[in-house]
Amino acid sequence: MTDATTSDELSIDQRLALRTAARRLEEDFSGLYGEETIERFLSSSYDQFAIRSTVPHFLPLLAERFARQRLTALAKVEGLRDDGRPVVLFLCVHNAGRSQMALGLFEHLAGDRAVAWSGGSEPGTEINPAAVAAMRERGIDITGEYPKPWTDEVVRAADVVVTMGCGDACPIFPGKRYLNWELDDPAGQSVADVRPIRDEIERRVRQLLDDLHIAVG
């Protein structure tokens, strides 16, 4: 299988994995979305990663996670399911450094009192190793995350959209609260160079949580 393989060109094992993922999603969104909608979101999510992935073995899992996020966002936008927690979306170019560190810090500090997502205008293929190392120094593991694009439903579901260097490519929807954080890009930098970026992101995340009246854990 090449990195251009899509959901229409799957191995037997991958088809089985996607069928299993579809069943789990159908259980999670029972009464909200039918089989056709769920399979469409799962298939399109798979294709988003297949065009650039070098680890096809993990594609069904990534597709399931992304489809679940997108369906959760859609349900909120359509007023079908909303647990009342504020949703913050962090956006940058590659979704490999700044937005991933912001996501990790936000989730670490907010716990289950808020929801955070992230995305990129030109998603990379892996999380920046220097960002991973810098976050590990804070006791936060972001290796379970993955670069991904944003989608309309995810942006529309966010209460706050934080942009970091994606410029005109950042999506703009009327009525959203937008924050633009001017931060150095950690791409190609050493851990020592990334630490100040991480610390500035933490300062801004803490301020954002304060603005949202969310107690820091």
In Å³ per residue, the alpha-carbon convex hull of the stretch 28-75 encloses 64 Å³
Cβ-defined net charge surrounding Cys92, 12 Å radius [Lys, Arg +1; Asp, Glu -1]:
-2
Output the 0 to 90 degree angle, nearest 10, between the alpha-carbon long axis of helix 35-50 and the longest principal axis computed from the alpha carbons of the chain.
60 degrees
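Keeping all protein chains in place, calculate the accessible area per residue for the chain (probe 1.4 angstrom), answer in Å².
Working: 10540 Å² over 217 residues.
Normalised by residue count, the accessible surface of the chain is 49 Å².
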With the Cα gyration tensor of the stretch 12-124 giving a ≥ b ≥ c as the square roots of its eigenvalues, does the rule (a/c under 1.5 for rounded; else a/b larger than b/c for prolate; else oblate) give rounded, prolate or oblate?
oblate
Among Pro123, Pro186, Pro174: highest mean-square fluctuation, GNM of the chain, C-alpha pairs under 10 Å
Pro174
Interatomic Cα distance distribution for the chain, bins of 5 angstrom, percent:
1, 7, 15, 18, 19, 17, 12, 7, 3, 0
Mind checking which of Glu126, Glu107, Glu78 has the largest fluctuation in a GNM of the chain, springs on alpha carbons under 10 Å?
Glu78
Helix 12-28 vs. the chain, principal-axis angle (Cα, 0 to 90°, nearest 10):
70 degrees
Among Ala192, Ala50, Ala130, which one shows the biggest mean-square fluctuation in a GNM of the chain, springs joining Cα atoms closer than 10 Å?
Ala192
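Which order do Lys76, Lys148 take when ranked by solvent-accessible area (1.4 Å probe, heavy atoms of all protein chains), largest first?
Numbers: Lys76 40, Lys148 5 Å².
The ordering from most to least exposed comes out as Lys76, Lys148.
Roughly how many percent of the accessible protein surface of the stretch 79-163 is carbon and sulfur, given a 1.4 Å probe and a whole-percent answer?
Values: 1350 of 3080 Å².
Of all accessible area on the stretch 79-163, carbon and sulfur atoms account for 44 percent.
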At a probe radius of 1.4 Å, what is the per-residue accessible area of Thr151, in Å² to the nearest 10?
10 Å²
Taking Cα atoms only, helix 59-77 is inclined relative to the longest principal axis of the chain by an angle, in degrees rounded to 10, of 80 degrees
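The values are calculated or read from the model by the stated rules, or taken from the named source; none is laboratory data. What you see is a predicted model, and the numbers here were worked out from it, not measured in a lab. When we count neighbours, we look across all protein chains shown, and the Cβ atoms used for this are built from the backbone with ideal geometry, even at glycine. What goes into the accessible areas is simple: the full protein's heavy atoms, side chains included, and nothing from ligands, DNA or RNA. Shrake-Rupley method; radii C 1.70, N 1.55, O 1.52, S 1.80 Å.
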